[in-house]
Amino acid sequence: MGAQDAIRGFEYQFLWTLEYGLSALFVDDPESTAIQVEGILTTRLRADQDIVDFGVRRGDRIMTVAQIKSGGATSAFTASNLLSIAVRLLTHSAERYLVVTNRSAGDNLSELLTLMRDEGSDLRERVLALAGRWKVATELAAQKPEFWQRLVRMEVVLDPRDIEQVRVDVQERVRAARHRVAPSTVGWDAAGLLTGYLVWEVMGKAAGPAVAELPMSALVRILGTSVEALTALIRERDWAIPVTPAPRTGDIARPELLADLRQHLPFPVHPNAAPVCLIAGLSGTGKSSLAVAWADDNAYSYELVMFVDATSPSQLAASFSAVADWFRAHGLIDTSDADIPLPQRIFGVLARSARPWLLVFDNCADQAAIRDWIPPRGYGHTLVTTTDQTPLAGPSTAKIEVAGMTGGEAIELLARRVLGDRTPNPQELQALEQLADLLHRWPLALELAAAYLVSTVLEYQGDLARAIAEFGSLLQQAMDDAPSVPPGYPHTVVGTITATWQRVTGRPEPAAKLAAQALRGAAFVASRQIPVHLLLASASPAVHMTFPHYTESDPPIGEVLRAMKRDSLAVMDGHFPMPREGIDGLSGPSDASIAMNDIVQFIVRGLVDREGNTDFTVFKLAFCAQAWLQTFTSHYEMSAASGMVNHAIALSEHAIELAVFNQAVSLLWGNTAGILGYLEEWPTAMRYLAAELAYLDSQSDDHSLGLRVQTLVSYAHVLYELSDHPRENVELIVPLLEQFVTQVPRVVGLDQETAALTIRKASATVMNLLMHDAEHPRLMALESALCDFRRLVPTAGGDDWFENLTGLNLLIRTGRAAEARAQGEALLERMNPAQVEYPQVLRIVAEACVHLRDWVAAKAIVDRFEQAVQSGALRRFDISTLLRNLSTGCFEGLLTQDEAAFELLVSADRMATAALDKGVKLQVGDRDVIAVFRALSCYLIGDKSACRGLLDQAVPAEIDAVDRTGAVNVMRRLLLNGCTDRRDPSFGTSFELPRETSEHTLGRRQSAPTPASALAPDEGMIRALLEHIDADSAPARAVGAAQATRAAGRARRDPLEVAVETAFALRAMGLPADIGEFLLFVFIDDGSLAFDEPMQMATADPRKVCTYRGPHQVAWLRSPSQLVDPVVPQLPAMRSIAIDHEIHRHSVVVPVGSEMDVSILRQDGLAIAYHTLETYSLHDVASALPPDRRQVCEANAIFVAYHALLLLSTTDPDFIAQAEETHPALAGLILKPERLLAARHGRQRRQ
């Protein structure tokens, strides 16, 4: 039995234990007192405890002992199995013996059960006859009469249900029991949560060291536990795991609606159906409460429960990012699907899940925003709460409408709120019914009315009917004075909100007045998690200028907060992410927040406008909101700033819609755009900057001028970030920055520090444009002007981060990595890690470590970056720069086969995958370069299909725009060639691995000891050899030199693999190459040799043979026909000779004549001869290698080819031109020295 089968078997046992206990308590044996788990308390010494899975006790009497045998219908339960259990189970004294199994009936079981039911006097003999020679027969023969008397009382249950159906049945039995114990839970009974908790209790008892029991009294107590208490009790579980938290709203469920949901989301869950059900209705109808009730009610039927905030596309993406992080942390996301978008990767997890899941899209205003996020298949259910009435298309999609409650539900809500646990009398019940009908049983209106009644019923000496009548009169007056009714809403709902608002604003107490103004502000921000301190700061007469918050002790904040909640226009919400440090003077619950329903906000805004308070409310709230954003960002509290952004957006939109334009709103737009830029929400940021610029253009005061120049530069930066091609918007950006430049002298006189910081932000935008090859006739002049201003207007104290960063980059580009590292580490010591510049400095330090080959330090930094990318904490600019520069920096290590460099490249690929998962959109140029390095990573693991797909995404012209050396495009072309399978059908002979290869060292012995590995060729001689050969031999000689350099100091490799690798390197360069098989002879050349037949010559005079090898495979360049043999310098005899003869450290490159059987190279006293045996297709030879070794050869070949091209790039430009003319495939592959110098000079100039 596998581990999963064992787990399911235990769950089946515990579910049956619970099901039987509930049945005993409420149906079969109400007097039973306890369920005993994994054994039974007994004084019988010979009783077998291990056989008992559970028992039921009534006082001191054992009523039932049971054994559960799981296994499923595919396994059989035989008569022999039953008798083996009986021999052990019947050692106990009990009223009833129970055996339960979900296996199918096996051999002779039916016959045995018939014998047991007959209860004949000859039962013993007939059972023994049936048992025959079974193993259990001997034990049966020894049993006393007591055993046979008990056997007829044994009940066998063949349970046909699978585990999913058992879960459903037990949950329904729990629901029925809960309704009997706690009738008030009908509706929101959270049967799923309760079932899970009870099974957990049973499992906990089973895991104890001794026999444990669950008293029936404890079971009854648990059945009556409230939902809130259940949720608090359950800490760790492996069912209904809350991947993302659910909103906790309401306590009155809707049984009829839950039944409707069950029609569309059936149990057991059907694999791959993945039905979707919309809970649609207007605001305030209890849709979210219904979704939470469904999750609680069916919790034990789901393994995972995911609530996704679908309020806006950004919230939707953030919620799914949290889901992906949870999946990744639990090993559920497959990191191999690098290019699959985030929704599809999550769909993959859900499709593979073996247990049911629930996905809830909560508070969806526009179904179009969620269509691409709904799982198309899988073992689960999807719920959508929405105000959008548009039906979703699809065969498994349904919709239920949610409006008013039923009469009973509405009365229960009112009674529970107003009377608590007391049951209404007939007069009160009639009044509650009338009120519910008047309010159309709308949940929100009922809550508001209940809050009114709670606060007024005492005024009428507890006369609820009178209080309701008074509320009805107030409601009628309010409806006459209410704003227009939104479509679809009952007029009494609007009237109730209006009446409540009149009551709120009519109270004279200081706390009540302050609460009313705070609630005015709450109507203009986002509906959830509204910070209480923000509202109270905007409501206070005096505003704290730096960080506005409530500072008064009279009235105390707690009293004001109670006044805000008093009438249910707002309710307490989750904690706002307030900074823990750096914000002094906060009193009371500093992170407290409230929520206000959308329709309440809409009506209250209309009422505030009717009061004439809109401009004043928006002005004060805008000032406080922008000050909060400014404080959070200046303290690098970006989590708090991000928490504020939805409120800032909502307030900004209302200001635009209502045409509320003032300096506070202008500041709000600018600071909101700033945090949106941090969050990389560029389109919305541009909208607010455009609004701010339009307002500031109409102002003429000095303060507005200071704001205007900042807005101009911010707007230019957003235009740069918005464009897919960074150079696309240069025509718009340059005029904006020119306007700024003309105002710099005046702004310096007003505020030098603002001018200095803004100059540097403008400089960064210009530098980025130039780095992406943007062209504009005035761009260079603009760069020059900004450079002059940077010298003339220094920053006041502290660090000039622009100069620091450009200086560090210059050190890296000019090869001064040690200085860059030292300066960067010094900067990091005094930086706040939350600073925007921190990851840029850290990235430069990582680059320096890579250049210095300090792989341990580089890996430590990269690991930090990888965590930041996975968590979504790293911004697009930092991600793209890190991946581009890190991959490029690793390249030298890759060429020299440094394992740590390969590990860093894998880390870079993982970071790129994570960034794509999170929807990070890299700019053109950056993403093209990164695509090439990701393609390289795929190629190195043998995934040519993924490699080719990534290479197809990379545009050569865009790569050249950001990598002016041309190196990345060279790698792109090598990989493309490597992915192209050029099989030559002309080869008639298929290759087979030689059974053995002979290799002998003969002739004169060397006096010096043989080096352990090949010796490194001199770089100067490599260059000399390249410069003094004809262009025909250039690629062969370069590849041979690269191989000789790579082999130096390393253990000797299999010569066949070296030949295959060399041929693959030539093919990566676009050249035709295959494999030749030869007999290799190295002769001592005294000038008298004739090479017609090397074998005969070697046999005739062995003293002249230095070394011999055969069969020997060599890479064969087809045009021009040349052999490239890096193996010869690695042979033991050649290693000895090469100590004093430098030329023999180099690979052998020898032409192959069309009519010659023997190819000969004579140099420095040796003659190297190749006697041809056969030629083979490279594909056939490579296929003969083990797959892992072939992959190594292909991967290494890319770096051999690149190294060879680097060697060719050091030659004379005329020679490069000849080589490219002779070998057209090399055109554009050999890096031009002048291009490398120009790229370096350009970088230095722009730094």
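The values are calculated or read from the model by the stated rules, or taken from the named source; none is laboratory data. In this text the structure is predicted, and so the values were computed from the model without any measurement. Don't worry about glycine lacking a Cβ; one is built from the backbone with ideal geometry, like all the others, and counts go over all protein chains shown.
Just the residues that are without any contact (Cβ under 8 Å) to a residue 40 or more places away in the chain and within 16 Å of Val532 (Cα to Cα), please, taken from the range 603-647. Matches in the range 603-647: Ala641, Val645. Of all residues in the range 879-900, those being more than 24 Å from the chain's Cα centre (by Cα), among the charged types (D, E, K, R) and in a helix (DSSP H, G or I) number 2. What about Val199, is it outside the structural domain of Glu38 (by TED's automatic domain parsing), within 24 Å of Leu358 (Cα to Cα), surrounded by 18 or more Cβ atoms within 10 Å (Cβ to Cβ) and modelled with pLDDT under 70? Taking the combined requirement at face value, the residue does not satisfy it. Among the criteria (1) in a helix (DSSP H, G or I); (2) under 44 Å from the mean Cα position of the chain (by Cα); (3) surrounded by fewer than 19 Cβ atoms within 10 Å (Cβ to Cβ), the one Arg1023 does not fulfil is (2). Listed by position, the helices (runs of 4 or more DSSP H) contained in the range 275-373 that have at least 3 residues being among the hydroxyl-bearing types (Ser, Thr, Tyr) and outside the structural domain of Leu439 (by TED's automatic domain parsing) are 313-329.
This table checks each residue for (1) farther than 23 Å from Phe347 by Cβ; (2) surrounded by fewer than 18 Cβ atoms within 10 Å (Cβ to Cβ); (3) modelled with pLDDT of 85 or more.
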position: Arg262; (1), (2), (3): yes, yes, yes
position: Leu265; (1), (2), (3): no, no, yes
position: His270; (1), (2), (3): no, yes, no
position: Val292; (1), (2), (3): yes, no, yes
position: Asn298; (1), (2), (3): no, no, no
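Considering each residue of the range 249-259 in turn, at least one proves to be modelled with pLDDT of 70 or more and either in the same structural domain as Val168 (by TED's automatic domain parsing) or within 17 Å of Ser301 (Cα to Cα) (or both). Taken over the range 1097-1154, the criterion of being of a type in the set (A, V, I, L, M, F, W, C), out of contact with any strand residue (DSSP E or B) (no Cβ under 7 Å at 6 or more places or on another chain) and more than 12 Å from Val1082 (Cα to Cα) is satisfied by Ala1100, Val1127, Ala1138, Ile1139. Kindly provide the set of residues from the range 126-168 that are part of a loop (DSSP other than H, G, I, E, B) and aliphatic (A, V, I, L, M), ordered by number. If the condition is that a residue be part of a loop (DSSP other than H, G, I, E, B) and aliphatic (A, V, I, L, M), then Val136, Ala142, Val152 are the ones that fit. On the stretch given as the range 1160-1198, residues that are closer than 18 Å to Asp1125 by Cα and free of Cβ contacts under 8 Å to residues at least 60 places away in the same chain total 3.
Considering every residue within the range 651-666, establish whether at least one is in contact with a Cys (Cβ under 9 Å, 6 or more places away or on another chain) and assigned to a helix (DSSP H, G or I). Yes, the range 651-666 contains a residue that is in contact with a Cys (Cβ under 9 Å, 6 or more places away or on another chain) and assigned to a helix (DSSP H, G or I). Taking the listed residues Leu130, Leu82, the one that is buried (at least 17 other Cβ atoms within 10 Å of the Cβ), more than 56 Å from the chain's Cα centre (by Cα) and touching a residue at least 24 places away in the same chain (Cβ under 8 Å) is Leu130, with no other qualifying. Within the range 158-172, none of the residues are surrounded by fewer than 19 Cβ atoms within 10 Å (Cβ to Cβ), modelled with pLDDT of 85 or more and more than 52 Å from the chain's Cα centre (by Cα). Considering the range 11-43, and only residues there that are modelled with pLDDT of 80 or more and surrounded by fewer than 16 Cβ atoms within 10 Å (Cβ to Cβ), the residue that is nearest to Arg178 (Cα to Cα) turns out to be Ser23. Among the residues of the range 667-697, those identified as outside any helix (DSSP H, G or I) and either of a type in the set (A, V, I, L, M) or in contact with an Asp or Glu (Cβ under 9 Å, 6 or more places away or on another chain) (or both) are Leu679, Glu680.
Before we move on, is Gln923 within 20 Å of His1203 (Cα to Cα), in a loop (DSSP other than H, G, I, E, B), assigned by TED's automatic domain parsing to the domain that holds Val862 and touching a residue at least 24 places away in the same chain (Cβ under 8 Å)?
no
Would you call Arg466 surrounded by fewer than 23 Cβ atoms within 10 Å (Cβ to Cβ) and under 45 Å from the mean Cα position of the chain (by Cα)? Here the answer is no, as Arg466 does not meet what is asked.
Wholly within the range 1067-1183, which strands (runs of 3 or more DSSP E) include no fewer than the required count, namely at least 2 residues that are over 30 Å from Leu975 (Cβ atoms)? Per the criteria, 1073-1084, 1105-1117, 1158-1163, 1166-1176.
Listed here are the residues, each with its yes/no results for (1) acidic (Asp, Glu); (2) buried (at least 20 other Cβ atoms within 10 Å of the Cβ).
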| site | (1), (2) |
| --- | --- |
| Ala900 | no, no |
| Ala908 | no, yes |
| Ala915 | no, yes |
| Leu922 | no, yes |
| Val932 | no, yes |
| Ala935 | no, yes |
| Asp943 | yes, no |
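Among the conditions (1) in a helix (DSSP H, G or I); (2) crowded, with 22+ Cβ neighbours inside 10 Å; (3) of a type outside the set (Ser, Thr, Tyr), the only one that Lys859 does not satisfy is (2). Among the residues of the range 421-437, none qualifies, meaning not one is within 46 Å of the chain's Cα centre (by Cα) and within 18 Å of Ile252 (Cα to Cα).
For the structure I just gave you, tell me whether Asp1054 is among the acidic types (Asp, Glu), touching a residue at least 24 places away in the same chain (Cβ under 8 Å) and farther than 16 Å from Asp1125 by Cα. Show your work before the answer.
On the way: among the acidic types (Asp, Glu): yes; touching a residue at least 24 places away in the same chain (Cβ under 8 Å): yes; farther than 16 Å from Asp1125 by Cα: no.
Judged against the criteria, Asp1054 is not a match.
Assess whether Ala716 counts as being surrounded by 15 or more Cβ atoms within 10 Å (Cβ to Cβ), among the aliphatic types (A, V, I, L, M) and part of a helix (DSSP H, G or I). Yes: the conditions hold for Ala716. Going by the structure shown, is Ala931 part of a helix (DSSP H, G or I) and within 20 Å of Ala1201 (Cβ to Cβ)? Yes: the conditions hold for Ala931.
Criterion applied to Ala796, Ala756 was being farther than 24 Å from Thr881 by Cα and outside any helix (DSSP H, G or I), and the one residue passing it is Ala796.
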